[in-house]
Amino acid sequence: MSAVNTPVYDFDLEALINVAMNQLKFSYVPYSNYPVGCALLCPDGKIIGGSNIENAAYGPGICAERSAIATACSQGYRTFKAVVVSCKALSGSPCCGACRQVLREFCPQDCPIININGNREIIHRHTMASLLPDSFGPENLNIISPGRVNVQIEVEAEAETKVE
Ligand code: ZN
């Protein structure tokens with residue numbers, strides 16, 4: 001990839017790649033043997049990982065992206081600054097349709113979504129808007145998208161206010 005086409009990010013992409021690659025070893029994939037990892041960059045700089053988790057009944061399995069988002073949401077995060085998805089295949093693993101919609105709930109339209117392969121090479125480089133164009137989101141239901149506000153900071157600020 002030429003340097004000319006490489007965007008300069010205001011975050012540590014290598015740190016996200018490290019977490020996404022590390023998540024591959026936590027995948028539970030006895031059926032597909034297709035591990036996928038994910039790393040989410042939270043507004044406060046924390047990086048939260050996820051891995052795909054399969055199930056004998058197949059349907060209840062969950063992708064790495066949604067695993068990471070569920071973990072992050074369970075810790076109070078509602079928006080993300082960047083997403084890296086890893087897989088061992090040299091062709092990389094594009095996000096599935098379900099994950100694109102779930103990412104859309106929490107990622108701003110300009111959020112980088114980057115897919116890397118097992119050699120840590122960038123295979124797909126998207127923004128949320130290009131990953132899921134003309135998408136349906138909270139705004140369509142007159143709800144302010146969590147991707148537009150940092151809910152966790154608001155919650156913490158509210159808690160501090162109550163202490164006073
Ligand atoms: Zn998926």
If only one of 129, 89 is of a type in the set (A, V, I, L, M, F, W, C), more than 18 Å from residue 42 (Cα to Cα), more than 14 Å from the ligand (Cβ to nearest atom) and not in a loop (DSSP other than H, G, I, E, B), which one is it? 129
Checking the structure you have, find out if any residue of the stretch 100-120 is at pLDDT 95 or above, buried (at least 17 other Cβ atoms within 10 Å of the Cβ), in contact with a strand residue (DSSP E or B) (Cβ under 8 Å, 6 or more places away or on another chain) and in a helix (DSSP H, G or I). yes
Positions within the stretch 55-69 being away from the ligand (no atom under 12 Å from the Cβ) and not hydroxyl-bearing (Ser, Thr, Tyr), in sequence order: 55, 56, 57, 59, 60
Is it true that residue 29 is surrounded by 12 or more Cβ atoms within 10 Å (Cβ to Cβ) and touching an Asp or Glu at 6+ places or on another chain (Cβ under 6 Å)? yes
Residues within the stretch 32-54 that are within 20 Å of residue 105 (Cβ to Cβ) and surrounded by fewer than 16 Cβ atoms within 10 Å (Cβ to Cβ), tallied: 3
Within 16 Å of the chain's Cα centre (by Cα) and buried (at least 16 other Cβ atoms within 10 Å of the Cβ) - does that describe any residue in the stretch 55-62? yes
Exactly one of 11, 80 is within 16 Å of the ligand (Cβ to nearest atom) and of a type in the set (A, V, I, L, M, F, W, C), and that residue is 80
Of the residues 74, 27, which single one is within 16 Å of the ligand (Cβ to nearest atom) and not aromatic (Phe, Trp, Tyr)? 27
Starting from the stretch 124-144, take each residue that is on the phi > 0 side of the Ramachandran plot and surrounded by 15 or more Cβ atoms within 10 Å (Cβ to Cβ) and list its partners that are modelled with pLDDT of 95 or more and part of a helix (DSSP H, G or I), counting only C-beta distances under 7 angstrom and pairs at least six apart or across chains. none
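The values are calculated or read from the model by the stated rules, or taken from the named source; none is laboratory data. All of these numbers come straight from a predicted model, not from anything done at the bench. Note that each Cβ is placed from the backbone with ideal geometry, even for glycine, and that neighbours are counted across all protein chains shown.
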